[in-house]
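Peer 1: Please find one structure pasted underneath; my questions will follow.
The values are calculated or read from the model by the stated rules, or taken from the named source; none is laboratory data. Worth saying up front: this structure is predicted, and the values here are computed from it rather than measured. Neighbour counts run over all protein chains shown; Cβ positions are idealised from the backbone, glycine included.
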Amino acid sequence: MRELGLSVDQMTVARIYTTSMARFDEINKEWDQFFDAEERVPARVAVGVSALPLGASVEIEFQFYMED
């Protein structure tokens, strides 16, 4: 991220894929620890999936914007 000149402020969307929506409270707690409620928080989408690569239980995809 930093290598590309991007910062958290430029994050627009986070797509969260999880194999266990029942554990989404845990994901929310981690999310809240990372993002301060005072700052701009990106939109997010949560998707329940049957499996993820390498046996992971959570995968997060981020989308950023860059100004010219």
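Peer 1: Kindly provide the set of residues from the range 54-66 that are of a type in the set (A, V, I, L, M), at pLDDT 95 or above and exposed (fewer than 10 other Cβ atoms within 10 Å of the Cβ), ordered by number.
Peer 2: Leu54 - this is the single residue of the range 54-66 that is of a type in the set (A, V, I, L, M), at pLDDT 95 or above and exposed (fewer than 10 other Cβ atoms within 10 Å of the Cβ).
Peer 1: Out of Ala43, Ala37, Ala51, I need the residue that is in contact with a strand residue (DSSP E or B) (Cβ under 7 Å, 6 or more places away or on another chain) and exposed (fewer than 11 other Cβ atoms within 10 Å of the Cβ). Which one?
Peer 2: The match here is Ala43.
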